[in-house]
Amino acid sequence: MRNATDFAKNYLSGLKNVLDRLPLEAFERVAQAVEAAHAAGKQIFVIGNGGSAATASHMMNDLAKGTLGHKGDAPWKRFRVIALTDNVSLMTAWANDTDYNHVFSEPLKNLAQPGDLLIAISASGNSPNIIAAVEAAKQLGVKVVGLAGFGGGKLAKLADTAFVVPSDDYGPVEDVHMILDHMLTVYLYEKLKGA
């Protein structure tokens, strides 16, 4: 087995290769969808499982506060954003009393209005509970941004806008989703600041 330094160099080399092949035109469409929801005062929901749940929480934090600057004192209208991953009691109630596939779709039915935006994060693009939430969103008239890897899976096909990381490895896909979150936050902050 190679040593940690060699492993790190190899991992980073692979990640750089993925970054060089990112579909930046898709980033443009993601940014436009988030900007449109913000401009219209619509609610933004973010969901994901496992590492993608952590990214969903982080993205909610960045959109809600990061877009207001470090001190959070920017004078412009705030983003209305919630991570459905962050209510453990509600998620476990649905998982326990029905099944895990409903942990996002059912809360979405309580909260979403037509024209809202769902950002669904799934590295594989095939997580059943993510797909169930996307299908519910479509029925509710909610726009869907899908963040995936592994060719996009069902999520890329169902989403109104899809950003598919060109990798079949979970680490780089999740790394890029986090980078996308930071790019989006700084882009929105700078654009709002310029306006």
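Couple of notes before you dig in:
Residues checked against (1) closer than 25 Å to Leu24 by Cα; (2) in contact (Cβ under 8 Å) with a residue 60 or more places away in the chain; (3) not aliphatic (A, V, I, L, M):
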position	(1), (2), (3)
Ala54	yes, no, no
Thr67	yes, yes, yes
Ala74	no, yes, no
Pro114	no, no, yes
Ser124	yes, no, yes
Gly149	yes, no, yes
Leu155	yes, no, no
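- Residue count for the range 76-109 satisfying the condition of being among the hydrophobic types (A, V, I, L, M, F, W, C) and without any contact (Cβ under 8 Å) to a residue 24 or more places away in the chain: 6.
Every residue, every condition in (1) of a type in the set (A, V, I, L, M, F, W, C); (2) within 23 Å of Val142 (Cβ to Cβ), yes or no:
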position: Ala4; (1), (2): yes, no
position: Lys9; (1), (2): no, no
position: Lys16; (1), (2): no, no
position: Glu28; (1), (2): no, yes
position: Lys42; (1), (2): no, yes
position: Ile47; (1), (2): yes, yes
position: Ala56; (1), (2): yes, yes
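- Of all residues in the range 11-46, those that are in contact with a strand residue (DSSP E or B) (Cβ under 8 Å, 6 or more places away or on another chain) and either outside any helix (DSSP H, G or I) or more than 22 Å from Glu190 (Cα to Cα) (or both) total 7.
- Scanning the range 126-135 for residues that are crowded, with 20+ Cβ neighbours inside 10 Å and without any contact (Cβ under 8 Å) to a residue 60 or more places away in the chain, we see that the one that is nearest to Ala33 (Cα to Cα) is Val134.
- Taking the range 137-148 as the range and being more than 16 Å from Ile44 (Cβ to Cβ) and crowded, with 19+ Cβ neighbours inside 10 Å as the test, only Ala148 passes.
- Any hit, the range 59-82, residues being out of contact with any strand residue (DSSP E or B) (no Cβ under 7 Å at 6 or more places or on another chain) and of a type in the set (Phe, Trp, Tyr): yes
All of the numbers you see were taken from the coordinates with simple rules; none came from a lab. Remember, predicted model here, so these are calculated numbers, not experimental data. Methodologically, a virtual Cβ is constructed for each residue, glycine included, from the backbone with ideal geometry; neighbour enumeration extends over all protein chains shown.
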